[in-house]
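*Asks:* Just dropping this structure here.
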């Protein structure tokens, strides 16, 4: 979860437009998060080990 996700979810829930727009909006945020993770990993950043 990026720090921006709670803000994105709040904004999407407050949105009064068509319901599909909310899912498109959250989908774009998710894609951005995945893209950033892929870029970091390619640059040599390693995920912290989970217990």
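The values are calculated or read from the model by the stated rules, or taken from the named source; none is laboratory data. On a predicted model such as this, the values are computed, not experimentally measured, just so you know. We place every Cβ from the backbone using ideal geometry, glycine too, and count neighbours over all the protein chains shown.
*Asks:* Regarding residue 29, is this residue modelled with pLDDT of 85 or more, under 17 Å from the mean Cα position of the chain (by Cα) and surrounded by 10 or more Cβ atoms within 10 Å (Cβ to Cβ)?
*Replies:* Yes; evaluated as a whole, the condition is true for this residue.
*Asks:* Also, I was wondering about something else. Between a residue in region 12-23 that is on the phi < 0 side of the Ramachandran plot and part of a loop (DSSP other than H, G, I, E, B) and any residue that is modelled with pLDDT of 75 or more and surrounded by 10 or more Cβ atoms within 10 Å (Cβ to Cβ), which pairs come within a Cβ distance under 6 Å, given they are 6 or more apart or on different chains?
*Replies:* Going by the 6 Å Cβ cut-off, the qualifying pairs are 15/22.
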